[in-house]
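Accompanying notes for the structure given below.
The values are calculated or read from the model by the stated rules, or taken from the named source; none is laboratory data. All figures in this text were calculated on a predicted structure; none of them were measured in a lab. No Cβ is skipped: glycine too gets one built from the backbone with ideal geometry, and neighbour counts run over all protein chains shown.
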Amino acid sequence: MAALADAARAGADVTLVPELAITGYPPEDLLLRPAFAASARAALDRVAATVRTGVAVIGFPEWNGDCHNAAAVVADGRVQAVYHKRFLPNYGVFDEARYFRAGDEPMVLEVNGTRIGLAVCEDIWYPSPVAADLAAARVDLVCCISASPYHRGKGDRREAMLATRADDCAAALAFCNQVGGQDELVFDGRSAVFDASGEVVARAPQFSPHLLIADIDPGMSARRRLREPLSRRLPGAHPERILRIVARAPDRGATATPERAEPLRDEPEVWAALVVGIRDYVGKNGFPGVLIGLSGGIDSALTAALAADALGPDRVTGVALPSAHSSPVSLAGAEALAASLGIGLITVPIGAVVDAFEAALAGPLAGRPPDITEENLQARARGTLLMAISNKLGPLVLATGNKSEMSVGYSTLYGDMVGGFAPLRDLSKTWVYRLSRWRNASEGREVIPEETIQRPPTAELRPGQLDTDSLPPYDVLDAILEGYVERGLEPGQIVDQGHPERVVSDVIRMVDRAEYKRRQGPVGIKITPRAFGRDRRMPITSRHV
């Protein structure tokens with residue numbers, strides 16, 4: 001309501017808020033509960049009652065014999081019309097066909113002499129039929145409300161598509177996207193307004209709620225339609241489908257220069273996505289802060305730096321959990337990081353706990369030589385202690401594992417996988433290094449100690465252990481994982497890229513065998529086009545090779 005009031009004070013004739021803004025996106029199986037339906041409609045009516053000037057387009061779920069992903073057209077204090085989304089995405093992170101019935105008609109409004117066509121998110125990604133229908137109806141403005149989740153590089157592709165739709169329709173286009181984190185999804189905003197030739201006239205910043213104000217020129221659409229009369233050759237909306245809405249004009253303020261925020265890319269964009277994901281998951285779920293097991297390694301250091309940026313140092317506590325195999329460098333690295341970030345640090349040695357575990361197992365495991373079992377006891381002791389501190393004091397434990405490790409199962413169930421949220425879950429080890437180096441360069445100091453960045457990765461569960469004892473070098477591993485996990489290449493295609501067949505075979509076998517582990521790990525922030533969980537869904541039990 002506050003945003004709508006701000007828009008009215010700014011003199012907006014038409015105000016857009018995101019797809020399913022009344023409930024948030026995605027509401028998932030809440031959509032199957034009748035009480036949720038009633039409360040959503042009641043909330044929409046309360047919001048509508050505050051709209052006294054201009055027109056607002058508000059996303060909400062409508063139950064009308066079936067459930068629709070809908071856009072309410074609000075004016076004069078009430079809902080005047082409802083548009084039903086026509087394209088329902090059902091791929092990747094989307095399950096809309098599970099919940100919604102698709103609409104089958106365009107909606108064109110005439111508001112104080114301006115023709116406006118409506119679209120909801122996926123509707124606008126294709127040239128036909130939604131965009132084609134609006135072009136045939138000779139609209140001056142397309143209004144698209146959206147909840148388009150972030151992944152790396154998506155913003156540029158989405159903006160290029162929107163520019164093409166505006167150009168195709170010979171109409172201005174206003175795009176309003178959701179901002180913020182919802183479980184593992186982050187929405188980057190980057191709302192924008194395009195003129196009738198597809199040029200960006202206004203762009204909101206990413207990852208931050210923002211009121212974007214811009215004027216459009218309906219005459220530009222009319223001139224283009226005369227010069228390029230595509231609509232004459234398109235079947236489309238008939239005049240009787242056009243809804244005429246009379247809205248009280250808002251008070252006009254001074255015309256503002258349209259804002260065009262510069263888009264983020266590469267490391268700054270990914271950093272911002274991770275910060276928003278952590279901030280909103282912790283804040284919206286009511287945790288007072290976070291706990292992070294600090295090993296002296298780069299993964300936990302990056303997680304702590306992100307958390308400090310997201311929540312403030314006073315809400316982040318590092319926990320050093322040294323064992324008999326921890327080097328002095330590890331504890332020194334944790335102390336140096338805590339001092340650099342200004343976060344709290346607790347040190348809890350785990351030697352006595354591990355000894356107690358081993359003593360309890362001495363009978364059942366008698367006569368068997370030490371192996372990975374004893375190594376994992378150390379990781380599980382750390383997990384138990386972290387969760388005990390969390391239970392007593394309230395902060396959320398952040399797991400520190402990255403996508404490379406999660407992919408091949410280089411992690412311990414109920415050990416280093418423990419936690420309620422895993423910020424790096426969809427971030428490869430290569431990107432862990434990239435972000436750590438960028439963070440230091442951007443601040444002009446060692447936010448993350450350089451010794452931590454340069455140190456060879458190790459789990460420190462046995463003397464002299466290195467990650468490369470069990471895995472290929474991370475640059476090789478990540479290239480194979482990108483081909484297999486993110487691009488869906490077959491093993492032979494990855495080998496053809498120059499990787500040894502045996503290494504490719506071993507990595508793929510580890511990925512497939514680790515599915516049962518990933519199912520039990522905490523959710524984490526989606527960064528790539530194909531994250532584990534919502535995007536990549538594989539059976540645990542499978543003999544496919």
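Tabulated data for the structure shown
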{"quantity": "Output for the stretch 138-153, where each listed residue is of a type in the set (Gly, Ala, Ser) and either modelled with pLDDT of 95 or more or crowded, with 23+ Cβ neighbours inside 10 Å (or both)", "calculated": "146, 147, 148"}
{"quantity": "Test: residue 321 is modelled with pLDDT of 95 or more and not β-branched (Val, Ile, Thr)", "calculated": "no"}
{"quantity": "Residues that are outside any helix (DSSP H, G or I) and of a type outside the set (D, E, K, R), drawn from the stretch 419-445", "calculated": "419, 420, 421, 422, 423, 424, 427, 428, 444"}
{"quantity": "Strands (runs of 3 or more DSSP E) completely within the stretch 116-217 that count 3 or more residues being within 30 Å of residue 434 (Cβ to Cβ)", "calculated": "179-182, 185-188"}
{"quantity": "So residue 384, is it over 25 Å from residue 286 (Cα atoms) and part of a helix (DSSP H, G or I)", "calculated": "no"}
{"quantity": "Any chance residue 101 is buried (at least 24 other Cβ atoms within 10 Å of the Cβ), of a type outside the set (A, V, I, L, M) and touching a Cys at 6+ places or on another chain (Cβ under 9 Å)", "calculated": "no"}
{"quantity": "Residues that are of a type outside the set (Lys, Arg) and either within 18 Å of residue 192 (Cβ to Cβ) or surrounded by fewer than 19 Cβ atoms within 10 Å (Cβ to Cβ) (or both), drawn from the stretch 262-272", "calculated": "262, 263, 264, 266, 267, 268, 269, 272"}
{"quantity": "Test result for residue 216, modelled with pLDDT under 80, among the β-branched types (Val, Ile, Thr) and surrounded by 13 or more Cβ atoms within 10 Å (Cβ to Cβ)", "calculated": "no"}
{"quantity": "Residues of the stretch 1-32 satisfying the condition of being within 20 Å of residue 84 (Cβ to Cβ) and part of a loop (DSSP other than H, G, I, E, B)", "calculated": "17, 18, 19, 20, 21, 22, 23, 24, 25, 26, 27"}
{"quantity": "Filtered residue count, the stretch 398-418, keeping only those that are among the hydroxyl-bearing types (Ser, Thr, Tyr) and in a helix (DSSP H, G or I)", "calculated": "2"}
{"quantity": "Among the candidates 40, 71, residue that is under 23 Å from residue 104 (Cβ atoms), free of Cβ contacts under 8 Å to residues at least 24 places away in the same chain and in contact with an Asp or Glu (Cβ under 9 Å, 6 or more places away or on another chain)", "calculated": "40"}
